[in-house]
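Accompanying notes for the structure given below.
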Amino acid sequence: MYPIVKRRDLTSGIVLLEVQAPEVAAKAQPGQFVIVRSDDKGERIPLTIADFNRETGTITIVIQDVGYSSKMINTLGEGDAFLDFVGPLGLATDIEKYGRVVCVAGGVGAAPIYPIARALQQAGNEVITIIGSRCKDLLILDEEMAEVCDQVVIATNDGSVGVKGFVTDALDGIIKQYDGKIDHIWAIGPMIMMKAVVEFTRPLGIKTVVSLNPIMVDGTGMCGACRVSVGGETKFACVDGPEFDGHLVDFDLAMRRLTYFKDEEKRASARDNCGGGCGCH
Amino acid sequence: MSLNKVSRQAMPCQDPKSRATNFTEVATGYSEEQALLEASRCLQCKKPLCRQGCPVEVLIPDFIKLISEKDYMGAARKLKEKNNLPAVCGRVCPQESQCESKCILGIKSDPVAIGRLERFASDYEIAHGCCEQEKAPATGKKVAIIGGGPAGLTCAADLAKLGHAVTIFEALHVAGGVLMYGIPEFRLPKGVVQTEIDNLKRLGVEVKTNMVVGKATSVDELMEQDGYDAAFIGTGAGLPYFMNIPGENLLGVYSANEFLTRSNLMKAYQFPDHVTPIRIGKRVAVLGAGNVAMDASRTALRLGAEESIIVYRRSREEMPARHEELEHAEEEGVKFQLLTNPIEIIGDENGVVKGMKCLRYELGEPDASGRRSPVAIPGSEFILDVDTVVVAIGQGPNPLVTKSTPGLELNRKGNIVADDSMTTSKPGVFAGGDIVTGAATVILAMGAGKTAAKSIDAYLKTK
């Protein structure tokens, strides 16, 4: 078992959990992910690592309650435990000194981008981070990010804080501010947001890496559920990724493949529309 | 002896129509009466040829004699002297091409049903409480087993019996490998596999699940930092092959590994009680004709497909599946579209499979495998109307362990190079099973695990 040692509710529907998993924490690198299972009947859920602490042997994950299983996980608290917690999986982010870099986070994507931004800063880069959310209340990890970045720019759809608009609007401002002199970009968030960022940077020729989170089962290259098309070639996101050159990713395919089990998702949720965990069924 | 008086006892099975709708085991096992009749057929040869056909050299006439003496626990114990997973082997071994193919009775009549008797004795043991196994005093040596499939489990058991401290490192959340994720419940109940694994634990074998060697640790780390004196790599054939034809990333195309893992390991057939989903259409095409393809096509029927079709480019004679599996599939209503190969999977406007463009084939000259090679018939293109495709054309070696182990010689396909004693190019590191041979059978992997255990024991004595 992998005990949850800390729970923090970041905002409505988004929870941060710190989990005791010393063997994972010993090896975790920015950009990698874990697969978790809450109970014996649960799905194996891939989650990108939001932080790791080698001394305490803990891994931090951040979960948004978007589906049946994530809703279940978000009912867990300190004292509860994951039945399974495997990792670190996938390839680590290529951390080196690029110069001036921009990390673009959309929604819960701020969580996985946090250790990447920190590592980039430690490697001597000038790190500018853009965090986008629908509104001020849904913004997460902005304070933590400010501690490890040279500059943090907020973008909200309703303008309740920061730039009014999408992350691409904020990115446009940054690129203009530095006269196009941006050496590398990371974009992590919903597929549609990552697609918008790579379409924005494509004509500018700025290398843009994205982190894909497709449907997975084992996470070790065994099942191929996570296949994505990158530069016309089929790749397994679990072992060849999860990070890829965003300009080569077929986002339309990746978005379609995410929808395959939507009906089943509804059936699972409908089964206990009480929200689960109450023992009434 | 009663050579022609008693005929080979048929295996009782669930009725095909009803079983094609449930996941309960197809073959229900011999009754005591049947087992005794079948055991009476064994000639108790002085030089038993059957044993030569067994990769783990089970003491076949001896255990059958014990059955005929009604000492079923003794028979189980006799089996376990050589075979650590008899309840598994009794179900999934291709006996017809191994032990039973050598049986003298087979020359003039039917061979003794060795596999069915093996299953009978093992099931008796499981039902009546497991027999204690003898174990040598502790040697103080530590061995790491990478991969908890048939090769690793066998190697672990033999080494534990020899007094070594054994730890299995398993990537998934349960040990068993293909026995858990690949072979369906209706052919090999997972409870049977779990019982065999629990027996290993009682022998003192430690099983560490959720440990991906190559990520959370490495072979070098285990040996240099964690004090393991030797390692055995039995990571199997876990990398699914695809056809590399257009449309393979459409929604509704699964690798057999994904399809079977969802159903077997994650129990998607019990969705939504078990939360992992599986989606099945009305007409399912399974590409390939090996045992995995049969498992997938039969699983598809049980999940509710109206039609399940094996699509294979050669003819029936060339099919690599066991005869028994083929027969079971056919009885249950699986259809066979032979001498046919897909060239493209076609999707609808939402990117969901709606058909498969295929070519018809005829058989030409024998190829390197000795089988007549399939030749496409020009202009024979047609559309097979399907909405789900399962690709079951084989698996390769998963590179996670091999790539993270410097000094380990691999062949062109990425399999580990090991000699007859399962020794690799890296000192102290042994390997066996599908990771060495490419995808083969459970029993061959077990044989390799057994050989490796002998070699590791000899190696540890020199240290």
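The values are calculated or read from the model by the stated rules, or taken from the named source; none is laboratory data. It should be emphasised that the depicted structure is a prediction, and the values quoted were computed from it without experimental measurement. Cβ: placed from backbone, ideal geometry, glycine included. Neighbour counts: every protein chain shown. Just so you know, the surface numbers come from the protein's heavy atoms only, side chains and all, with ligands and any DNA or RNA stripped out. Shrake-Rupley method; radii C 1.70, N 1.55, O 1.52, S 1.80 Å.
Counting only strands (runs of 3 or more DSSP E) that fall entirely inside segment A:78-147 and contain at least 2 residues that are under 16 Å from residue A:211 (Cα atoms) and within 14 Å of chain B (Cβ to nearest Cβ), the qualifying elements are A:84-89. Here residue A:95 passes the criteria (1) in contact (Cβ under 8 Å) with a residue 60 or more places away in the chain; (2) farther than 27 Å from residue A:126 by Cα; (3) open to solvent by 50 Å² or more (accessible area, probe 1.4 Å); (4) of a type in the set (Val, Ile, Thr) except the one numbered (2). For segment B:363-377, a tally of residues being closer than 13 Å to residue B:317 by Cβ, in contact with a strand residue (DSSP E or B) (Cβ under 7 Å, 6 or more places away or on another chain) and surrounded by fewer than 15 Cβ atoms within 10 Å (Cβ to Cβ) returns 1.
A residue that is within 14 Å of another protein chain (Cβ to nearest Cβ), within 21 Å of the chain's Cα centre (by Cα), closer than 23 Å to residue B:439 by Cβ and not in a strand (DSSP E or B) occurs nowhere in segment B:191-211. Every listed requirement among (1) surrounded by fewer than 18 Cβ atoms within 10 Å (Cβ to Cβ); (2) in a helix (DSSP H, G or I) is met by residue B:80 save one, (1). State all residues of segment B:239-263 that are in contact with a helix residue (DSSP H, G or I) (Cβ under 7 Å, 6 or more places away or on another chain) and facing another protein chain (nearest Cβ under 10 Å); if no residue qualifies, say none. B:240, B:249, B:251, B:256, B:259, B:260, B:261, B:262 - these are the residues of segment B:239-263 that are in contact with a helix residue (DSSP H, G or I) (Cβ under 7 Å, 6 or more places away or on another chain) and facing another protein chain (nearest Cβ under 10 Å). In the set (1) buried (at least 24 other Cβ atoms within 10 Å of the Cβ); (2) over 18 Å from residue B:351 (Cβ atoms); (3) without any contact (Cβ under 8 Å) to a residue 40 or more places away in the chain; (4) not hydrophobic (A, V, I, L, M, F, W, C), residue B:258 fails one condition alone, (2).
Quick check on this structure: which one of B:114, B:104, B:126, B:146 is more than 30 Å from residue A:219 (Cβ to Cβ), touching a residue at least 24 places away in the same chain (Cβ under 8 Å) and in contact with a Ser or Thr (Cβ under 7 Å, 6 or more places away or on another chain)? Spell out the reasoning first.
On the way: B:114 fails: in contact with a Ser or Thr (Cβ under 7 Å, 6 or more places away or on another chain); B:104 fails: in contact with a Ser or Thr (Cβ under 7 Å, 6 or more places away or on another chain); B:146 fails: more than 30 Å from residue A:219 (Cβ to Cβ).
Within the list B:114, B:104, B:126, B:146, the selection yields B:126.
Of all residues in segment A:228-259, those satisfying the criterion of being aliphatic (A, V, I, L, M) and facing chain B (nearest Cβ under 9 Å) are A:228, A:239, A:253. Listed here are the strands (runs of 3 or more DSSP E) enclosed by segment A:26-70 that have at least 3 residues being within 13 Å of chain B (Cβ to nearest Cβ) and open to solvent by 10 Å² or more (accessible area, probe 1.4 Å), and there are none.
Just to be sure before I move on: is residue B:29 within 30 Å of residue B:152 (Cβ to Cβ), small (Gly, Ala, Ser), in contact (Cβ under 8 Å) with a residue 24 or more places away in the chain and part of a helix (DSSP H, G or I) in the structure I sent? Answer is no for this residue.
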